[in-house]
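One structure is given here, and the rest of the page talks about it.
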Amino acid sequence: MKRRVNVIGVGMTRFAKPGASAEYYEMAREAGQIALRDAGIAYEEVQQAYVGYVYGDSTCGQRAVYELGLTGIPVVNVNNNCSTGSTALWLARQAVASGAAECVLALGFEKMERGALGSKFDDREPPLGPQVQLMNEVQGINSAPPAAQMFGGAGREYRYEHGTRKETFGKIAEKARRHASRNPYALFSQALSLDEIMASEEVFDPLTRFQCCPPTCGAGAAILCSDEFASKHGIAQPVYIAAQAMTTDFASSFSEKSMIKMVGYDMSKAAARQVYEAAGIGPEEVDVVELHDCFTANELLTYEALGLCAEGGAEAFIWDAQNTYGGKVVTNPSGGLLSKGHPLGATGLAQCTELVWQLRGCADARQVDGARIALQHNLGLGGACVVTLYRRD
Amino acid sequence: MSSELRYDGKVAIITGAGNGLGRQHALMFAARGARVVVNDLGGGIHGEGKSSAAADKVVEEIRAAGGEAVANYDSVEDGDRIVQTALDAFGTLDIVVNNAGILRDSSFHKMTQADWDLIVRVHLHGAFRVSHAAWPILRDKGYGRIIMTTSAAGIYGNFGQANYSAAKLALVGLANTLAQEGRAKNIHVNTIAPIAGSRLTETVLPPELIAALKPEYVSPLLGWLCHEDCKESGSLFEVGAGYIGKLRWERSKGRSLPLGRPFSAEDVARHWAQIGDFTDAEHPGNINESMAPLLANMNSKSLGGNEFIDLDQAMNSETVIDSQYDQRDVALYALGVGAAPDPLDDQELSYVYELKGDRFQVLPTYAVMPASNAMLALAKEGKQVLKGLNFGFERLLHGEQYTEIKQPLKGQDQLRHSFRLKAAYDKAPHAVVVIAVTSRNQAGEEVAYNETTMFVRGAGGWGGDRGPAGETLEPPAREPDAVIEERTDANQALLYRLSGDWNPLHADPAFAKAFGFDKPILHGLCTYGYVARHVIKAFLGNDARRFKSIRVRFADNVFPGQTLVTRMWRESATRVIVETRVKENDKIVIKNAAVEFYEQIPVAASAKPAAAQPPADAGPSAGELFGAIALHLQQHKGLGEQIKTVFQFRLKSPDSDWYLDLKSGDGAVQQGLAAQADVTLELADADFIAMATGKADPNKLYFGGKMKVSGNVMASQKLGFLQKLDPKLLQQTRGTRAAAAEAAPPADASGSATIFAAIGLHLQAHPGMGAQIKTVFQFQLKQPDSSWVIDLKSGDGRVFAGVAEQADVKLEMADEDFLAMASGKADPNKLYFGGKMKVSGNVMASQKLGFLQKLDPKLLQQARGTAAAAPRAPAAAASALSPAASRSAALLERLQQKLAQDSTALAALKGKLLRLNLREPEASWLLDCSGAQPSLKAQAPGQADAVFGIRDEDLYALLQRQAPVRSLYQQGRLRVDGDVRLAPQLALLAELL
């Protein structure tokens, strides 16, 4: 049996630079309490919790949730690289949809170190070995941050294929900063000009510093429930999940020797297709999107993977300002990972939070007028992609 | 946007509204709420007759549909009466659609004055009259929309419609100006070129086409253009059959010819292709934009010139050419200018006998050779040394030469010559150009400077500066201070030419005859060498090191076999005036000549510190290192079992292959190639040695592109043990080497106090660690006993000896174990679990000590206070590789030739400018396909559509088709700025080769 799943409470902390944040359980407590207040329920009504984080030893999830209460409920620790947060959300939705629970908490947090993402366990085969192997064959490896090499390499491939200008990538960062300037939760809320973005230090051609998301600390939370639970608590017209899908790598990620495929293009495309089919809603009906812009190159690729524009059409889509207010669809009104920050475990829940605010019409200065249908895309290398379609009737 | 575009309250005049397009416009405006004046004279399409029926019918139609309209039957030539009708009926006016029109088609040779006048009157005067009468009303109310109706026949021309075309295009001009005059009063004026099935087109189009060209497909454009929300003005549209497009002017980038010099029809003809080339075309939208290129050209004042010498180009042009020479070149040159005629003369032998060691010397005038040879090599290919010097070699006469030595020339060297135009003088009808050449060595130091003054026959006459009269150096009246007489050999020119001057005039009797000489003449620069040698012999005791400069004028020819008499007057301690004559005919051949000396021998900047360099230690070889690895495997049994990988090493310069078979058991080291390697590592021998002796980080070698890894990349991570090779093992394999020289300084000597000092430095280097870690650590060390505190409670933290007031966690261990832990040799967890470290207080806080393991060894050195006393000068092995010479230069030069031969090559790049910026060694080339003839030029300045950054070696591989463009780009070895779409076209260059 499948039941409709509602998102009745969301919350997030303001994102912070590594070294400047509170402890992980403190951030988790803050986000969790905001979400509970938002839903208007007590923690005691939560029947299960799915808690995502990437960096931390086992059972940090319990350590975090215990801050909200000690009620003996099942707590599951979730680790799925950059899509960790939405993976927790996916599990929570599954629990409610299947009838296993009436009200579930999805929580995500991350306390990150300065600098580029790296491996923590040097004494064993790294999980991204095959990806690194492929990258070595296609473009070699240098001392730039590995993720920048992967997504930047995908950008190169796209650029060569479509004759794309370097500034087109920069333009995405310019938009991200412009959007973030209206978001009090964003880490980088200062608008930057395209010139400033292009002039920043090159990380990996064609990506410059401002086109890479920063390591960030923060937490996000969402409370999901069934229709029965919502009506029992007098919650009218909640935002609900119209469809959701998770995909992992297909053979094409490795067999095609393509950086674009390696960084998960087909995962995103397949997840989006499943969601559109399940919901009976097409990309053209989507009003607002939070998508995984860990690097500008990936936002560009994701426009096409999600069907927001035709394949090969991203450059025109960007320069025609179809990706912002006044265009076809507003992408990353929050400023995205690029500006808001990317605490791996929290990102998926922060995206959810932003979209729920948008659908409730309470996103203040960054409100997308008349937003009714919202799309969320969260991607992790290794890999996993979660796409979620939200609605409010 | 989805709401209907309404015209409620608006009044529109539609002329010619009784039929076709006009009728449809009227119906459309009325349906949307406008009150409409339906004007129609009711005549035929050729302007005959008159009737009120057509207009009345449309008015009735409008009224029947509930709209408001009145009819007007006046000719558009009485435009004021039509406007009056609107005012009478509706009190105001907002919109004028000039639509009325007739045809009087006739081929031009049959066209009558009446045909012409009638068409111009109805279309042009009519539109003027109506619009002019409406204008004050629209201005007064600050609102108006005017439409002109033109035609494709007007825009493009159409057979048999000369009158109609002229009148129709005139309307576009009228609209463009009205748009500007009306802009401030919110009056918008646009023009449409409709094609619709109407009475006018029935005569020219087949009926089935007319059916598709319904007027209904045109009127909607007006429905938007005339609306108050539409901001469009001054625009032109083509519309019909459901299609709407906007037209604009396009102008080629064109060609600007420099002002201030003759400008002829020939110039226009020469640049015709560029004038008509629409690549990167512009779209001027108004008079100012139209004027922009003209104004830009007016501001660029020309330096002058003609077809032979373009001063604008030449003065901004620089050519850079590399060359190298060795002792053989130098000795051959010296023989060519008559050195060492007596093989037993020890002094002159020093110019030609390289085994003289330190006493081998380079004749200073050799400094002119690399540069002039480079020029001659270009001339041989029919190329000019500098862009903008467009005269042929046959016009040249070498007039004067100046050579200055900046530091004594080495027996062999690699030089980079940079050519510039110093001056060009107009000695109409001839010209004089002075080319300056600066030659630098690889350290970038200036070695020599040359000025070559050339007389160019018939290249003058551009009205430029005649130049200075020229310094004359008359020899003093007194007897010379020295005279040297020397006979040239009969085959002197044949010997001299082997140094690079291939000009047949000096070797080929027939050629020489053709130029009016009885036999081949001696090279002027050969005589030049004689003169310098004479001065050095007479005044410097044959030691050329103080020779500074020589300047001469070539006054006449010398034939091989003639005797040169050089007379020299010492003018000061550092200056000698010279004159050389041919003894046989007493002709002066070298005049206006002077040689200068340095007071002291100049010293090369690079030579100064180099003198103090101690001889480098020979260091271990790769073979010795592999021997040490074999010993290591013996001592660490079971490494194969553990690592399970076969490593293949392919070392270069010198080349050798080795493999480490760590697939099973204890492992083995072998020379040669493995049957099946898991991972292959390619690197320079020197880099391998640096890596295996801990001087180079394998990751850095890899990331820096110095080590290539193929196969299982991850497996290469397992090579860490190489860095832990015991130096003693190396000693053992090196056998005879003195143990003392190699012994690494004992790491243990540092002591825990040094480590804590290094931690202090680490905290300084990483501010804010206290705020981050928020813990106070107390260390209690034993054997010997000591107490230390690392206070990371707040701020940047600090380290001190003693006991903390309040420690969060206390760690007790042996001094020895602390040293092992802090130098990364012992794992803190293992010490703890193994009972060697006792932890009390907040146990978890001890986990935050990880940073200890990341202590920078440099900090440790610094803390020891012995940083200066590094055990050995770092082996320069890695950097000792000699800087690479350009491999791609020869290919690029071949490309230059190909392009010169085939102007149709690279047609796909037509109009584009591509720059290649090479590294290692650096060079810049411009592939210019903007003109009729594609060209490839070194060091040419200017903008490019795409800039490609690439290493010389990679470009070589690309041009040799060894590396595809796409891979180079993806790998970051080819960097593309600008239009990346041009990148794939680089493959064309390889194809051309």
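The values are calculated or read from the model by the stated rules, or taken from the named source; none is laboratory data. From a predicted model like this one, the values you see are computed outputs, not experimental measurements. Note that we place each Cβ from the backbone using ideal geometry, even for glycine, and neighbour counts take in every protein chain shown. Accessible surface is based on the protein model in full, side chains and every heavy atom, while ligands, DNA and RNA are left aside. Shrake-Rupley method; radii C 1.70, N 1.55, O 1.52, S 1.80 Å.
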Inset, instruction - Note the full-extension length gain between B:Ala900 and B:Lys644 as 0.36 nm times their separation in residues minus their Cα-Cα distance, in nm to one decimal. - result: 86.3 nm
Legend entry - Global geometry of segment B:887-992, whether rounded, prolate or oblate, following the gyration tensor of its Cα atoms and the 1.5 cut on a/c: rounded
Legend entry - Only Lys, Arg (+1) and Asp, Glu (-1) charged, at Cβ; chain B dipole about Cα centre in debye: 1120
Inset, instruction - Go ahead and set up a Gaussian network model of chain A, Cα springs under 10 Å, then flag whichever of A:Leu36, A:Leu355, A:Leu128 fluctuates most. - result: A:Leu128
Inset, instruction - Only counting protein heavy atoms at a 1.4 Å probe, give the residues of segment B:955-970, ordered by number, whose accessible area falls by 20 Å² or more when the other protein chains are present relative to the chain alone. - result: B:Arg966, B:Tyr969, B:Gln970
Legend entry - Cα-based helix-to-principal-axis angle, A:344-360 vs chain A, degrees rounded to 10: 70
Inset, instruction - Please find the FRET efficiency linking A:Ser231 to A:Thr59, where r is the Cβ-Cβ separation and R0 is fixed at 45 Å, and quote it to the nearest 0.05. - result: 0.80
Legend entry - Area projected by the alpha carbon convex hull of segment B:622-739, averaged over all directions, nm²: 6.8
Legend entry - Positive-pole candidate from B:Pro964, A:Gly153, B:Phe647, dipole of the protein assembly as shown, charges at beta carbon: B:Phe647
Inset, instruction - Please work out how much accessible surface B:Tyr243 shows to a 1.4 Å probe, ignoring ligands, DNA and RNA, in Å² rounded to 10. - result: 130
Legend entry - Helix A:24-39 vs. chain A, principal-axis angle (Cα, 0 to 90°, nearest 10): 60
Inset, instruction - Heavy atoms only, probe 1.4 angstrom, no DNA, RNA or ligands counted: give me B:Ser967, B:Ser151 ranked by accessible area, highest first. - result: B:Ser967, B:Ser151
Inset, instruction - Note the full-extension length gain between B:Phe278 and B:Gln84 as 0.36 nm times their separation in residues minus their Cα-Cα distance, in nm to one decimal. - result: 65.0 nm
Legend entry - Gyration tensor (alpha-carbon) shape descriptor, segment B:313-597, a/c threshold 1.5: rounded
Inset, instruction - Report, to the nearest 10°, how far helix B:162-182 tilts away from the longest principal axis of the Cα atoms in chain B, using its own Cα long axis and a range of 0 to 90°. - result: 70
Inset, instruction - With a probe of 1.4 Å, find how much accessible area the protein assembly as shown has per residue, and write the answer as a whole number in Å². - result: 45
Inset, instruction - Using a/c under 1.5 as the rounded threshold, could you call chain A rounded, prolate or oblate? The axes a ≥ b ≥ c are square roots of the C-alpha gyration tensor eigenvalues, and prolate needs a/b larger than b/c, oblate otherwise. - result: prolate
Legend entry - 1.4 Å probe, heavy atoms, protein only - residues of segment B:975-993 losing at least 50 Å² accessible area vs chain alone: B:Arg975, B:Val980
Inset, instruction - Could you size up the charge dipole of segment B:658-699 around its Cα centre, putting +1 on the beta carbon of Lys and Arg and -1 on that of Asp and Glu, and report it in debye to the nearest 20? - result: 60
Legend entry - Carbon + sulfur, % of accessible area of segment B:11-247 - ligands and nucleic acids excluded, 1.4 Å: 53
Inset, instruction - Considering Cα pairs under 8 angstrom that are at least six residues apart, work out the relative contact order of segment A:118-272 and quote it in whole percent. - result: 25
Inset, instruction - Can you tell me the equivalent ellipsoid semi-axes for segment B:11-247? Use √(5λ) from the Cα gyration tensor, largest first, whole Å. - result: 25, 20, 18
Legend entry - 17 Å Cα-Cα reach of B:Lys937 towards lysines, excluding residues that sit fewer than 8 places from it in its own chain: B:Lys380, B:Lys383, B:Lys387, B:Lys898, B:Lys910, B:Lys912
Inset, instruction - Rank these by accessible area, largest first, 1.4 Å probe: B:Ser219, B:Ser653, B:Ser107. - result: B:Ser653, B:Ser107, B:Ser219
Inset, instruction - Take the cross-link list A:Lys111/B:Lys774; A:Lys328/B:Lys231; A:Lys17/A:Lys175 and give me the ones stretching past 19 Å between alpha-carbons. - result: A:Lys328/B:Lys231; A:Lys17/A:Lys175
Legend entry - Where A:Ser119, B:Ser252 fall by accessible area, highest first, once all protein chains stay in place (1.4 Å): A:Ser119, B:Ser252
Inset, instruction - Would you mind giving the total buried accessible surface between chains A and B, with a 1.4 Å probe and ligands, DNA and RNA left out, rounded to the nearest 100 Å²? - result: 2100
Inset, instruction - Please give every one of the aspartates and glutamates within straight-line cross-link reach of B:Lys700, meaning a C-alpha to C-alpha distance under 17 Å, and leave out same-chain neighbours fewer than 8 residues apart. - result: B:Glu682, B:Asp685, B:Asp687, B:Asp856
Legend entry - Listed residue (B:Asn390, B:Gln324, B:Ala334) projecting farthest to the positive dipole end of segment B:318-418, Cβ model: B:Asn390
Legend entry - Distance-filtered residues of segment B:388-407 - backbone nitrogen under 17 Å, label point 7 angstrom along B:His430 Cα→Cβ: B:391-401
Inset, instruction - Place +1 on the Cβ of every Lys and Arg and -1 on the Cβ of every Asp and Glu in chain A, take the dipole about the Cα centre, and give the residue among A:Ser258, A:Gly220, A:Leu128 whose Cα lies farthest towards its positive end. - result: A:Gly220
Inset, instruction - For segment A:131-152, list whatever residues lose no less than 20 Å² of accessible surface once every protein chain is in place, relative to that chain by itself, with the probe at 1.4 Å. - result: A:Val132, A:Gln133, A:Asn136, A:Val138, A:Gln139, A:Ile141, A:Asn142, A:Ser143
Legend entry - chain B: relative contact order in percent, alpha carbon pairs under 8 Å with at least 6 residues between: 5
Inset, instruction - Treating only the Cβ atoms of Lys and Arg (+1) and Asp and Glu (-1) as charged, compute the dipole magnitude of the protein assembly as shown about its Cα centre; round to the nearest 20 debye. - result: 700
Inset, instruction - At 1.4 Å probe size, with no ligands or nucleic acids counted, give the accessible surface of A:Phe121 in Å², nearest ten. - result: 120
Legend entry - With all protein chains modelled, accessible area of B:Leu639 [1.4 Å, Å²]: 20
